[in-house]
1. Note down the net charge around GLU54, summing +1 for each Lys or Arg and -1 for each Asp or Glu among other residues with Cβ under 13 Å from its Cβ.
2. Evaluate E = 1/(1 + (r/R0)^6) for ASP80 and ARG56, where r is the Cβ-Cβ distance and R0 equals 22 Å; express this FRET efficiency to the nearest 0.05.
3. What list of ³J(HN,Hα) couplings, whole Hz, do you get for the stretch 43-48 from phi and the Karplus terms 6.51, -1.76, 1.60, once you set θ to phi - 60° and write x for glycine and proline?
4. Taking the dipole about the Cα centre of the stretch 21-89, with the C-beta of Lys and Arg at +1 and of Asp and Glu at -1, give me whichever of THR51, SER77, GLN61 is farthest to the positive side.
Amino acid sequence: MTNYDDPTDVVMRHSSAEQYDQTTERHLRIKTLLEQRKNALIDQLQDPTLTRAERRQLQAQKDEVKADIASIRVGGSELDYWRMQEKYR
């Protein structure tokens, strides 16, 4: 019997393994998409011909992507993942 007052006794599982696998795969795809976007911005920042304004804009975009990665890395909800997927299509 599950004791709902004991946090070590409560198990959170999806209703089926297939649903869990699909959800996990989608989350990994979204995380990969964000990491690729961050890496592309880092590559762009290496361009020595960038103006100061372009560099600031790219740096701001990179910082935003890093913050988004952190937001789903630490307890990201399903809604957070959906929002990132829509934002970085």
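Rule-based calculations on the coordinates, nothing more; no lab input. Model, not experiment: these values are computed from the prediction. Neighbour counts run over all protein chains shown; Cβ positions are idealised from the backbone, glycine included.
1. +3
2. E(calc), rounded to 0.05, equals 0.20.
3. Using θ = phi - 60°, the values come out as 4, 5, 5, 7, 5, x Hz.
4. In the stretch 21-89, that residue is THR51.
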